[in-house]
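Notes for the one structure printed next.
The values are calculated or read from the model by the stated rules, or taken from the named source; none is laboratory data. On a predicted model such as this, the values are computed, not experimentally measured, just so you know. So basically every Cβ, Gly included, is an ideal-geometry build from the backbone, and we count neighbours across all protein chains shown.
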Amino acid sequence: MYKFDKLTVCLDMYGCANRCRHCRLGFSPKKDMNETVLVTVAKKFGPFTRKLEICDWYREPDYNKGYKWLWQLTTALSDNKKVHSQQVNCWRAVRDEEYIPWLKSLGLKTGLITLYGNSMTTDYYIGRKGAYSDTLRTMDFLIKNGIAPCLQIYVNKDSIRELADIAELLKENNYEYRCQRFGGRFSVYIKQGVCDGENVKLYDLRLTSDDVDRIPEYLINETKRYMRAKNTEEIFGKTGGELFRELTADKSTENLAEKSPVFYVDNNLDVFPSISAPTPSWHLGNLKYSDINDIVKNYTENRTKAQRVRLNTPISEIVGAVGNPNCDRLFKREDYIIYMLNKYCKETNG
């Protein structure tokens, strides 16, 4: 029997309060799952790994009101002591006064939260009225409890003009000094979403090289520090055209099966590797109808369409078939490769 070094299995048990327009996971109908499925999943996957970790979410943590009990259950089902994700659920933070102190009790030192621009823009992209206000209030709650906020700001062409306002807001609220007072360190960085899931629909809003010069110097410098990046290319990548020329000269293939993978299990019990959005090209099987041995082999032996294509088709052929040599949008190399792979699987019979 094949054994992974570590296997993390994440279930979409209760969905998410948001409908983020950049979501790399895509949208799915909300349907709650019974907590007993966690035990079933642990029993099915346990024999295939030396270390098992079970999570009740893969969109936003702690959305269900029973989040404390679910944490205890998933911790008991996991082989190692779990560390709570840095990702903080802002929706819950402003509606449940016990939530942030509970995170503190688990040892959380840094809390990850997200903005997309000013109030209207953030609410629009998160897909929920009041999301901007929830985020700012959560930052205050985190600091009050001795947890340093780490703010990620997603940027597109339609929001880049608002970054100066955000930079000024951060300075006015003095987050850096307030965190230093309890020995923490406030962090902020900017990023583009990967071109996957819902974010594919925002392709036309991806940054071009001229946009980078419009980003406030403060945010560029803070992003370089956080990402340990030497320049903006390491932050935003190259144009699709540059990557097209590089990769059409690259004859390599790749085995995408890892020794310590993460699997997603949706609310229909369909299983996918976490490499990309849960789509048919990445489908490993269904826990209700498929044999667990086949699900694992579909991953380890690269049987999904996307894995099979990447293993057997040179990246030069994939990019040459569906890429755009004149693309001026910015991509990180690995993000671009997955974007091309998904496009190739969708548009060809590879």
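Data for the structure
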quantity: Some residue of region 299-315 being in contact with a Leu (Cβ under 6 Å, 6 or more places away or on another chain) and surrounded by fewer than 21 Cβ atoms within 10 Å (Cβ to Cβ); calculated: yes
quantity: Qualifying residue in region 169-184 (condition: among the hydroxyl-bearing types (Ser, Thr, Tyr) and within 19 Å of the chain's Cα centre (by Cα)); calculated: no
quantity: Residue among SER274, SER290, SER281, SER252 that is at pLDDT below 95, of a type in the set (Gly, Ala, Ser) and farther than 30 Å from GLU176 by Cα; calculated: SER274
quantity: Restricting region 167-223 to residues that are β-branched (Val, Ile, Thr) and assigned to a loop (DSSP other than H, G, I, E, B), the residue that is modelled with the lowest pLDDT; calculated: VAL194
quantity: Selection count, region 73-99, where residues are out of contact with any helix residue (DSSP H, G or I) (no Cβ under 9 Å at 6 or more places or on another chain), of a type in the set (Val, Ile, Thr) and either under 17 Å from LYS144 (Cα atoms) or not in a loop (DSSP other than H, G, I, E, B) (or both); calculated: 1
quantity: Test: SER260 is hydroxyl-bearing (Ser, Thr, Tyr) and assigned to a loop (DSSP other than H, G, I, E, B); calculated: yes
quantity: Selection status of GLY46, free of Cβ contacts under 8 Å to residues at least 24 places away in the same chain and not in a loop (DSSP other than H, G, I, E, B); calculated: yes
quantity: Checklist (1) over 28 Å from LYS297 (Cα atoms); (2) out of contact with any Asp or Glu (no Cβ under 7 Å at 6 or more places or on another chain) applied to CYS16, failing item; calculated: (2)
